[in-house]
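Some notes on the structure that comes next.
No value in this document is a laboratory result; all are computed from the given coordinates. Not measured: the values here are computed from a predicted model. Cβ sites come from the backbone with ideal geometry, for glycine too, and all protein chains shown count toward neighbours.
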Amino acid sequence: MSDPFGGIDNFLKDLLIGFGLDSTFVAVILKLAAAAVLGGLAGATAIVLIWVERKLVARIQDRLGPNRVGPYGLLQTIADALKLLTKEVLIPAGADRLVFQMAPLLVVASVIGVWAVMPLAPGLIGSDVNVGLLYILSVGSIGTLGIMMAGLSSNNKYALLGAFRTVAQMVSFMVPLILSLLIPTLLAGSMGMADIVNSQAGLWFIFLAPLAALIFFVSSIAEVGRTPFDLMEADSEIVAGFHIEYSGMAFGMFFVGEFVHAFTISALMAVIFLGGWRGPGAEAFPLLGLVYFLIKTSIMYFVVIWVRATFPRIRIDQMNAFNWKFVTPLALVVLMVTAIVDKLAIESGWPRFLVHVIANLLMVVGTLVILRTQAAALRRRLDVVPEAPVTQPETA
Amino acid sequence: MTPEQLLFLATGAFTLIASIMVVTSPRLVHGGLWLIAALAGTAVLFVLLENGFLAVVQVAIYIDAIAILIIIVVMLTRAVMKETDPQINRTWLLASLAALLLFGGLLAIIALLGPASRPALVQPEGGLDVLGKALVDVDGFILPFEIASVLLVAALIGAIVVARTPMRGEGGDWR
């Protein structure tokens, strides 16, 4: 059981060559099959994820959630998917037909494409490209394009507004996202996903760079567009945003894309900051590594849902101010401090963990002090403005 | 013919068709989308040439940054609402002549060089490290690298200055 995945690969290769196929074609067929299995599984997780999310959000809001179809309502999502499949995909008059139909596919494809470089277990990775992080960023932001195409082609002002908000949000949160991903790159000395997991053998990066992990988590939630940051489909402001004109399975694809995307950022968090498949005995038994990876991803996914169920939506100006005036400068400072401190620790032989933790603590304290003085200054300025006296009922 | 060659030819043909569509599609937004398709085709060509780094950079810079920026600009202009404009103007004959000349010239140069001067394909192993070190090496490209950084910072600051609303007291007509 030391290499189950290589065993499956060899078995299939022998089988296909046994059928009398040429070995180069066998390699191509196997690659295509592996891609189909990986992509299919990543997409199919949506069925489970939607159930988990509905159930968890319901529990947090003191409800029961789906509980009628199947045990614990497990088959609810399948029923919903079947219903969506039977509905007609309407295309509004004046819409840009081809672009309109391609947009949901692009959104889903960009999310599933990320799984190509995800190290699921030791020796189980779709493609270990040496620029894995860059690949994730570039493939992930093709989803932005899909959403923009949806908003643009719908011939609807709400959809267009949703697309504009998408541009404002996803493009600007890309900046802290990239900056925070530079820190694990710096610590691991590589952008390859397998290398990043391997270099967390001693210590997970979340202990070396807790601030970077936090920045990555917040900005990737913004990138997915989940609540606190679900401005692009804010249903109380712009009806449903970019997907207002979509119906049936075309809408379902956006839905699937969003859920799988949330799961994907949890998986990225697990791989980049929580050691991926690392855990006791994972190297001897790769299947155990897969279990560790799924456990860590599930924990992060729980946090994502928890955040969603807890926070209200922020306003668009708050979102922009939060990103450009707080997260981006903080990410820049963290990146520079981490680079300097890491070099110092390696040159002088100080314990790396201690140095990084102290640096991170100092940065947290510094941030809080700056925020406090800023808030005080803001409060002073607001006090100058004469306010209408609030009449308070005298308590007898 | 190997499967890779088939894929290469198919991708090349797709890229070519997409590039032609960029200049011939009547709506500006479609032109931008076709441009993205052409750039994606180029990225796939890089992958088939076993240079994953260039492919990823191609997607990151050209598709994510530049092409999306082009679409944003198109969306913000009124041109998106307009159905069509005439696709050609008076100089189309001269322009196509120039394009043909350039193409012929490039073809002639490649033909003149002949197959002997084709460099051997470099193994991508370690190529990224060499590139990275060359960018910060004093004997390498540190000066152009730093000049580019300074230029970008200047552009950033310039954009902020241009976009900033003039503060009270500074006066409205500072121009």
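Can you bin the protein assembly as shown into rounded, prolate or oblate? Criterion: square roots of the alpha carbon gyration tensor eigenvalues sorted a ≥ b ≥ c, rounded for a/c under 1.5, prolate for a/b above b/c, oblate for the rest.
rounded
Once you list every other residue whose beta carbon is under 14 Å from the beta carbon of B:A43, what net charge do they have if Lys and Arg are +1 and Asp and Glu are -1?
That sum, taken over residues with Cβ under 14 Å, equals -2.
Name the residue, out of A:F311, A:F259, A:F11, whose mean-square fluctuation peaks in a Gaussian network model built on chain A with Cα pairs under 10 Å.
With Cα springs under 10 Å in chain A, the top fluctuation among A:F311, A:F259, A:F11 is at A:F11.
Hey, which of these cross-link pairs are over 25 Å Cα-Cα: A:K55/A:K83; A:K55/A:K325; A:K296/A:K343? Mind dumping the intermediate values first?
Numbers: A:K55/A:K83 20 Å; A:K55/A:K325 36 Å; A:K296/A:K343 30 Å.
Table pairs above 25 Å Cα-Cα are A:K55/A:K325; A:K296/A:K343.
Please compute, for peptide A:151-160, the average count of beta-carbon atoms on other protein chains lying within 10 Å of each residue's beta-carbon. Write down the numbers at each step before the final one.
Working: counts 1, 7, 2, 0, 0, 0, 0, 0, 0, 2.
For peptide A:151-160, the averaged partner shielding equals 1.
Working from the pairwise distances between different alpha carbons, so that the mean of 1/r is found and then inverted, what is region B:1-84's Kirkwood radius in Å?
Numbers: mean 1/r = 0.0736 Å⁻¹.
Value: 13.6 Å, from the Cα pair sum.
Quick check on the exposure proxy: order A:R381, B:R27 from fewest to most C-beta atoms within 10 angstrom.
A:R381, B:R27
R0 = 25 Å: FRET efficiency of A:L203 with A:V291, Cβ-based, nearest 0.05? Provide the component values of the computation, followed by the final result.
Working: r = 21 Å, r/R0 = 0.85.
It comes out at approximately 0.75.
Just want the ordering: A:R226, B:R90, A:R352, from fewest to most Cβ atoms lying within 10 Å of their own Cβ. Working shown, then result.
On the way: A:R226 20, B:R90 7, A:R352 17.
So the ranking, lowest neighbour count to highest, is B:R90, A:R352, A:R226.
A:G225: net charge of surrounding residues, Cβ under 10 Å, Lys/Arg +1, Asp/Glu -1, itself excluded? Could you put the intermediate results ahead of the total?
Details: positive: A:R165, A:R226; negative: A:E223, A:D230, A:E233, A:E258.
Here the count lands on -2.
What ranking of B:T24, A:T264, A:T144 emerges when the number of other C-beta atoms within 10 Å of each C-beta is taken as an exposure proxy, fewest first?
B:T24, A:T144, A:T264
If you project the alpha carbons of region A:150-233 onto the principal axes, what extent comes out on each, in Å, largest first?
53, 23, 15
Stretched out fully, how many nm does the piece from A:A309 to A:A93 gain, at 0.36 nm a residue minus the Cα gap?
74.1 nm
7 Å from Cα along Cα→Cβ at both A:L85 and A:A375: what's the point-to-point distance in nm?
5.2
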